[in-house]
Amino acid sequence: MPTIDTLLQQTSWTRDEICALLSVRDPAGIETIRAAADAMRQRECGDEVFFRGLVEFSNVCSCDCHYCGIRAGNPSVERYTLSADESVQAALWCADKGYGSVVLQSGERRDAAFVELVTEVVSRIKAGSVSAELPHGLGITLCVGEQPRETYARWRQAGAHRYLLRIETSSPRLFATLHPAHQTLANRQQCLRTLQEVGFQVGTGVMIGFPGQTVADLADDVLFFRDMDVDMIGMGPFIVHPQTPLAVHTATLAAQQQEIYQQALLMIAVVRLVLRDVNIAATTALQAMKPTGREEGLTYGANVIMPQLTPTRVRTHYQLYTGKPCMDESAEQCAACLAGRIRSVGRTIGYQRWGDAPHAQSRAPAPH
Ligand code: 5AD
């Protein structure tokens, strides 16, 4: 295998070479990869960090993913669904602050009332956020799971233009260890294709460090992202939640925390190098593992951050994993805190624009 320096002079990599990059453990080697990813981010995306105000509008979920704290089978969760008014209000607050984009995230439901709620909220946010600075209103990203084509098309029509659907892992074998039998990787992949067909900019991602996952699996994930031609990536470390089946691994995972965190950062860097001009989020899970996790993510190739807009009244009920930070801070405080974190790593905030990935812009302009 060539040295790290030689590998970093290449413009494309084989699976084995991606594995080699993801396997680097010595601090100097990691720093070399980080610096290369940071330079790639700078060249392809610039220094601006784009905010996506996050509204977790419901924790009601029909899925039973083995890793997730709000799984249907967790009776300890107090369930909530925000009214359309409350979701719209939270989103419009961020238009006022000049954020440019919001993410509406929730547990997964496919019933008619849910489809209607999302349609209404998207339409009202669009209508209410048009301004001189944002002539097409806020950019709206949805993160509400697997849905039939008609539903995706309806939400696209209502004005959402990005959709996040993580595959969690590109390995069918591992996917089966993380989910009940009726949830399949094949369906999730089909959903990603459908989302692209109905005109969304599509994001996906994986969790890093769950039991059984190897570096080779992560290399396959990178190749999957590349081959799917996605526009956005959201990835973070796996963090065990006590009221889930994966809690049996708590002790083993606790011993590997540092390693998992570093692997997550390295994965961000390698994805930046391979995919080049996509948007990559510095996710909250990084900060749950280490207080400076999100800004560190920004220095490894990420260029997007999602400030919390979920009303504090319900925020504690939306815990996919333990140790979620920023639980009792107002949206105002979150914004101020993140602005400081972004400044601390020498970057600026991209206000009053959607901040679509250059990758998506080069393919086709986002229709409004
Ligand atoms: N640890 C880390 N990430 C998690 N997610 C869900 N549960 C966990 C966990 N225990 C992530 C999944 C999901 C996203 C919304 O949150 O990747 O797609």
**Request:** Go through the range 334-364 and give me each residue that's in a helix (DSSP H, G or I) and either among the basic types (Lys, Arg) or closer than 18 Å to Gly293 by Cα (or both).
**Result:** Cys334, Ala335, Ala336, Cys337, Leu338, Ala339, Gly340, Arg341, Ile342, Arg343, Ser344, Arg363
**Candidate set from the range 146-166 (those that are within 16 Å of the ligand (Cβ to nearest atom) and surrounded by fewer than 21 Cβ atoms within 10 Å (Cβ to Cβ)); member that is farthest from Ser123 (Cα to Cα)** = Arg166
**Message:** Out of everything in the range 227-254 that is within 10 Å of the ligand (Cβ to nearest atom) and under 30 Å from Pro358 (Cα atoms), what residue ends up being nearest to the chain's Cα centre (by Cα)?
**Reply:** Gly234
**Complete:** Note on Arg109: of the conditions (1) among the basic types (Lys, Arg); (2) assigned to a helix (DSSP H, G or I); (3) within 22 Å of Glu197 (Cα to Cα), unmet is (2)
**Prompt:** For the range 71-122, what are the residues that are surrounded by fewer than 22 Cβ atoms within 10 Å (Cβ to Cβ), modelled with pLDDT under 95 and small (Gly, Ala, Ser)?
**Reply:** Gly98
**Asked** Which residues, taken from the range 48-67, are within 26 Å of Leu138 (Cα to Cα), surrounded by fewer than 22 Cβ atoms within 10 Å (Cβ to Cβ) and not charged (D, E, K, R)?
**Response** Val60
**Item:** Filter result (assigned to a helix (DSSP H, G or I), of a type in the set (Ser, Thr, Tyr) and buried (at least 24 other Cβ atoms within 10 Å of the Cβ)) within the range 190-229
**Value:** none
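Just to be sure before I move on: is Ala219 within 19 Å of Cys143 (Cα to Cα) and away from the ligand (no atom under 15 Å from the Cβ) in the structure I sent?
In short, no.
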**Yes/no for Ile125 being buried (at least 18 other Cβ atoms within 10 Å of the Cβ), assigned to a helix (DSSP H, G or I) and of a type in the set (A, V, I, L, M)** = yes
**Asked** Is it the case that some residue within the range 28-35 is at pLDDT 95 or above and part of a strand (DSSP E or B)?
**Response** no
**Those residues of the range 157-189 which are touching a residue at least 40 places away in the same chain (Cβ under 8 Å), over 24 Å from Ala113 (Cβ atoms), of a type in the set (S, T, N, Q) and not in a loop (DSSP other than H, G, I, E, B), in sequence order** = Thr177
**Asked** Arg154: in contact with a Ser or Thr (Cβ under 7 Å, 6 or more places away or on another chain) and either outside any helix (DSSP H, G or I) or among the hydroxyl-bearing types (Ser, Thr, Tyr) (or both), yes or no?
**Response** no
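Applying the selection to the range 230-252, what residues are surrounded by fewer than 19 Cβ atoms within 10 Å (Cβ to Cβ) and of a type in the set (A, V, I, L, M)?
Ala247, Val248, Ala251
The values are calculated or read from the model by the stated rules, or taken from the named source; none is laboratory data. This one's a predicted model, so the numbers in the text were calculated from it and none came from an experiment. Neighbour counts run over all protein chains shown; Cβ positions are idealised from the backbone, glycine included.
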